[in-house]
Amino acid sequence: MKKQIFLGIILLLLFACNLAYGSLSIPLKSVIEILFGSFEGKQTWAQIVLQSRLPQAVTALLAGSSLAISGLLLQTLFKNPLAGPSILGISDGANLGVAIAMIYFSVGSYVTTILSAFAGAAVVLIIIIYFSKKVQNNVMFLIIGIMMGYLASSVISILNYHASADKVHQYVMWGMGDFSGVSLEKLPYFASFAIAGLILSLLLIKPLNALLLGETYAANLGVKIKSTRILILLCTGLLTATATAFCGPISFIGLAVPHIARLTLGSSNHKQLVPVTILAGGCVALLCNLLTVVPGSNSVLPLNAITPIIGAPIIIYVIVNRKNIQYFN
Amino acid sequence: MKQQITLSAFNLGIGYRLRGGKEKVIHPNLNLQLYSGQVTCLLGMNGAGKSTLLRTLCRFQPSLSGEIEIMGKPINLFTQSELSLTVGVVLTEKTNAGGITVFELVSLGRHPHTGFFGQLKEEDYKIISASLDAVGITHKSDTYISELSDGERQKVMIAKVLAQECPIIVLDEPTAFLDVTSRIEIMILLRKLAKEQNKSILLSTHDLDLAIQMGDCLWLQSRDNPMKRGVPEDLILDNSLESFFRKDGIVFDRTTGKLSSPLSKIPVGVEGDFNTSYWAGNALTREGYLPSTPSADYTSIKCVSPTEIEIKYANGTVGHACSIEEMLKCLTNRIL
């Protein structure tokens with residue numbers, strides 16, 4: 001329980017930092033005053049904190065948690081600790097869905113963006129499941145996922161080639177990945193989808209634990225394998241699609257955060273692991289969002305320039321030390 | 001305790017359904033009964049369909065024909081949760097459970113009994129610790145599964161199946177990856193559970209010695225013949241095991257209950273102290289002799305004690321050996 005509280009405190013601190021720190025420097029005192037509604041200075045400052053930084057921090061928190069949980073679900077479902085929404089091409093599938101919607105159907109509404117992202121993610125998920133039955137080897141399976149990602153990316157490139165310049169620009173901007181795309185008006189849509197997915201993941205804790213023993217054991221313990229698998233994939237698809245539709249394809253959070261969670265917790269028991277992954281996902285995303293702000297300048301780095309710097313070393317660390325990490329053995 | 005039939009199969013056909021409505025039949029017609037309080041060992045060569053049979057009996061795959069009844073009720077009438085309370089399994093499947101503790105894994109056995117969130121109640125805790133006790137792994141409760149030996153992992157899986165509280169326990173090759181002492185330990189444990197908790201235990205194995213030693217009942221499964229069942233000793237005495245294992249270069253020795261190579265057998269008489277003569281016989285068999293009742297027609301060995309072995313050669317001369325090693329040397333030098 002201590003670790004959860006500790007993570008919760010870090011999360012709050014990072015959230016506060018995200019409000020206080022940005023490309024435009026605003027004194028901490030003013031930020032606090034703005035939040036408590038007693039600020040009487042520049043209206044632009046108040047606007048930046050309330051209309052930009054606050055929704056951006058909430059978005060980072062929820063998107064990070066969503067991606068982290070979808071990574072965890074994939075890792076447990078496929079019994080493969082290196083699975084994740086981006087490595088298995090599910091993010092790219094969502095990406096492709098959005099690309100088709102944006103470029104061909106000029107769709108701008110959030111719900112249709114989410115639905116098209118979900119459709120894209122679902123198609124890749126279905127193909128991935130088909131291959132998971134054919135390819136038992138963990139590494140080979142991951143390579144198939146990576147190939148799926150390449151396929152989706154190349155279809156996107158072909159679509160871009162045929163599209164008009166302004167649409168391509170719109171799409172490319174979205175594809176950089178960032179948490180600032182969700183305005184205060186969009187936030188309720190985004191938040192309700194993300195929270196629905198996260199709640200669904202909490203309801204899956206019991207079957208997820210049984211799945212640690214493999215599907216046959218789980219079936220013998222009374223788990224309805226088919227419907228459980230569908231629910232897990234629905235949850236993964238929903239969370240990946242929501243995060244991707246609003247924030248663009250974000251790499252590494254889904255892959256790396258479940259490892260951070262398991263290593264800090266020292267357990268693969270989903271009863272603790274699911275909540276800790278949610279918290280850790282939020283923390284990592286908020287941290288990445290902070291790091292995109294270049295100190296001393298008013299420009300911002302793309303999010304996907306930062307996430308690998310945090311994620312890749314963690315993955316290399318767990319692979320190198322896999323003999324000494326319990327959940328690998 | 002009264003032994004009752006807990007599982008039975010009538011005219012059971014096992015195998016796989018292929019695409020296009022075709023079937024790959026592994027065995028067309030099996031008739032089986034499993035009793036409570038007994039350890040039943042399923043023996044068969046690789047490819048005889050042992051795993052297919054076990055999978056069918058646990059409803060992991062459908063039967064092709066015939067009926068399976070569990071506790072007198074057709075298996076297809078069980079809901080999945082009812083079945084999970086009746087038949088518990090220990091499989092060879094690789095798990096992903098290295099990162100949870102022994103206690104947490106055994107508590108997964110309570111899954112069919114707990115509610116939606118799997119919250120454990122006081123009674124569940126009692127049953128889990130009783131299960132840990134029964135397999136003798138309580139001292140490792142807080143150890144990660146990844147830190148256990150293969151034998152300990154197998155014990156934990158058995159504890160899981162005990163926590164599940166099923167009257168029938170099916171184990172697929174539970175001794176396959178274990179060292180000699182762990183094999184015996186696991187078999188003794190399974191016997192104890194069958195006797196003390198009146199469980200019906202069905203396990204597949206390649207350990208012929210252990211099956212003969214520990215099994216209450218053997219099922220001999222082969223591709224082309226009907227299933228043979230019986231108490232191990234009966235199956236030895238009526239030559240069932242001998243014909244079951246008949247293969248070029250291998251014979252089943254009815255006297256020792258072991259498989260050996262069918263070399264030309266020279267008879268050597270063995271008598272005397274039981275322990276010494278038993279192991280003298282073992283050494284002679286290995287060297288290609290046939291231990292027999294002593295006779296004047298061939299060389300005989302009289303075992304007085306482990307350090308005093310008398311060798312009476314066929315020509316009437318007598319030699320002395322003070323160990324089995326010396327006895328074998330005397331025989332190879334002087335016999336014939």
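For B:ASP142 and B:PHE177, the difference between the fully extended length at 0.36 nm per residue and the C-alpha to C-alpha distance is 10.2 nm. Among the DSSP helices (H) of chain A, those spanning at least 18 angstrom by Cα along their long axis with an average Kyte-Doolittle hydropathy of 1.0 or more are A:2-20, A:54-77, A:90-105, A:110-134, A:138-162, A:187-203, A:225-247, A:270-291, A:303-320; this is a geometric and hydropathy rule only. Diffusion coefficient of the stretch A:80-170 by Stokes-Einstein, Kirkwood radius over Cα pairs, 25 °C, 0.890 mPa s: 181 µm²/s.
With both labels modelled 7 Å from their Cα along Cα-to-Cβ, the B:ASP238 to A:ILE230 distance reads 5.0 nm.
Peptide packing for A:42-54, A:125-137, A:66-78, A:274-286 was compared via the average number of neighbouring C-beta atoms within 10 Å per residue; ordered from the highest value, the list is A:66-78, A:274-286, A:42-54, A:125-137.
Each part reduced to its alpha carbon centroid, the stretch A:1-20 and the stretch B:261-326 end up 81 Å apart. Residues within the reach of a label modelled at B:ASN11 (point 7 angstrom out along Cα to beta-carbon, backbone nitrogen below 18 Å), restricted to the stretch B:57-80, are B:63-70, B:74-76. Sort the stretch B:266-334 into rounded, prolate or oblate with this rule: let a ≥ b ≥ c be the square roots of the eigenvalues of the Cα gyration tensor; rounded if a/c is under 1.5, and if a/c is not under 1.5, prolate when a/b is larger than b/c, oblate otherwise. Rounded, because the longest to shortest axis ratio a/c is under 1.5.
Two numbers describe the Cα atoms of the stretch B:19-61: Rg and Dmax, which are 12.6, 43 Å.
Here the scattering of chain A is modelled by Debye summation over its C-alpha atoms, one equal scatterer each and no solvent; at q = 0.07, 0.09, 0.14 Å⁻¹ the log10 of I(q)/I(0) is -0.28, -0.46, -1.09.
Across all Cα pairs in the stretch B:66-198, the calculated P(r) in 10 Å bins from zero up to the longest distance comes to 12, 42, 35, 11, 1 percent per bin. A Förster radius of 30 Å combined with the Cβ-Cβ distance from A:MET140 to A:LEU202 puts the calculated FRET efficiency at roughly 0.40. Our helix-only sum for chain B, with -39,500 (n - 2.57) per DSSP H run of n ≥ 4 divided by its residues, gives a mean residue ellipticity at 222 nm of -9500 deg cm²/dmol. Rounded to whole Å, the principal axis extents of the Cα atoms in the protein assembly as shown read 122, 55, 53, largest first.
Comparing B:GLU147, B:GLU104, B:GLU287 in a Gaussian network model of chain B, where Cα atoms under 10 Å apart are tied by springs, the biggest mean-square fluctuation is seen for B:GLU287. Remark on the stretch A:26-147: hydrodynamic radius 17.2 angstrom, per the Kirkwood mean of 1/r across alpha carbon pairs. Taken along the Cα-to-beta-carbon direction at a fixed 7 Å, the label points for A:LEU184 and B:PHE274 span 9.4 nm. Above 19 Å lies some portion of the pair distances; for the stretch B:1-138, what is it as a whole percent of all C-alpha pairs? The answer is 63 percent, as a whole percent.
The lysine pair count for the stretch A:2-328, using Cα distances under 23 Å and pairs eight or more places apart or on different chains, is 22. Using the Cβ-Cβ distance between A:LEU50 and A:ILE5 with R0 set to 30 Å, the FRET efficiency works out to roughly 0.55.
Peptide B:151-162 has a mean shielding of 1, counted as Cβ atoms of other protein chains within 10 Å of each residue's Cβ.
Relative to the longest principal axis of chain B, what angle (0 to 90°, nearest 10) does the C-alpha long axis of helix B:150-163 take? Once rounded, the angle reads 50 degrees. Take the Cα of B:ASN282, step 7 Å toward its Cβ, do the same at A:SER154, and the gap between the two points is 6.5 nm. Packing, as the average of other Cβ atoms within 10 Å across residues, places the peptides B:77-83, B:255-261, A:261-267 in the order A:261-267, B:77-83, B:255-261, highest first. Treating r as the C-beta distance of B:HIS320 and B:ARG223 and R0 as 45 Å, the FRET efficiency rounds to 0.30.
For the pair B:ILE250 and B:GLN213 in one chain, pulling the backbone fully straight at 0.36 nm per residue adds 11.3 nm over the alpha carbon distance. The lysine pair tally for the stretch B:148-301, using Cα distances under 30 Å and a gap of 8 or more places or different chains, is 19.
Considering every residue in B:75-88, what mean count of other chain Cβ atoms within 10 Å of its Cβ is obtained?
Across B:75-88, the average partner-chain Cβ count within 10 Å equals 2.
Couplings 3J(HN,Hα) for the stretch B:50-67, derived from phi with the Karplus relation 6.51 cos²θ - 1.76 cosθ + 1.60 (θ = phi - 60°), are 4, 5, 4, 4, 4, 4, 5, 5, 8, 6, 6, 9, x, 7, 8, 7, x, 10 Hz, where x marks Gly and Pro. Principal axis analysis of the Cα atoms in the stretch A:219-329 yields extents of 60, 35, 20 Å, listed in decreasing size.
Treating the angle as unsigned and between 0 and 90°, give the value, to the nearest 10°, between the Cα long axis of helix B:324-334 and the longest Cα principal axis of chain B. Around 50 degrees separate the two axes.
Taking each residue in B:97-106, count the Cβ atoms of any other chain within 10 Å of its Cβ, then average. What number comes out?
Working: counts 11, 8, 15, 10, 5, 0, 0, 6, 4, 0.
Counting other chains' Cβ atoms within 10 Å and averaging over B:97-106 gives 6.
With angles folded into 0 to 90 degrees, how steeply does helix B:180-197 sit against the dominant principal axis of chain B? Use alpha carbons for both and round to 10. Value to nearest ten degrees: 60.
Expressed per residue, the C-alpha convex hull volume of the stretch A:235-291 stands at 83 Å³. This ranking places B:MET157, A:MET140 by how few other beta-carbon atoms lie within 10 Å of each, fewest first, which gives A:MET140, B:MET157. Among B:55-65, B:159-169, A:20-30, B:131-141, sorting by the average number of other beta carbon atoms lying within 10 angstrom of each residue, highest first, gives B:159-169, B:55-65, B:131-141, A:20-30. Our note on the geometry: Cα centres of the stretch B:87-118 and the stretch A:263-329, 29 Å apart. Within the stretch B:5-245, the proportion of C-alpha pairs whose separation exceeds 24 Å stands at 46%.
Throughout, read-outs are computed from the coordinates displayed, never taken from laboratory work. These figures come from a predicted structure and were not determined experimentally. Heads up, the Cβs are rebuilt from the backbone with ideal geometry, glycines too, and the neighbour counts pull from every protein chain shown.
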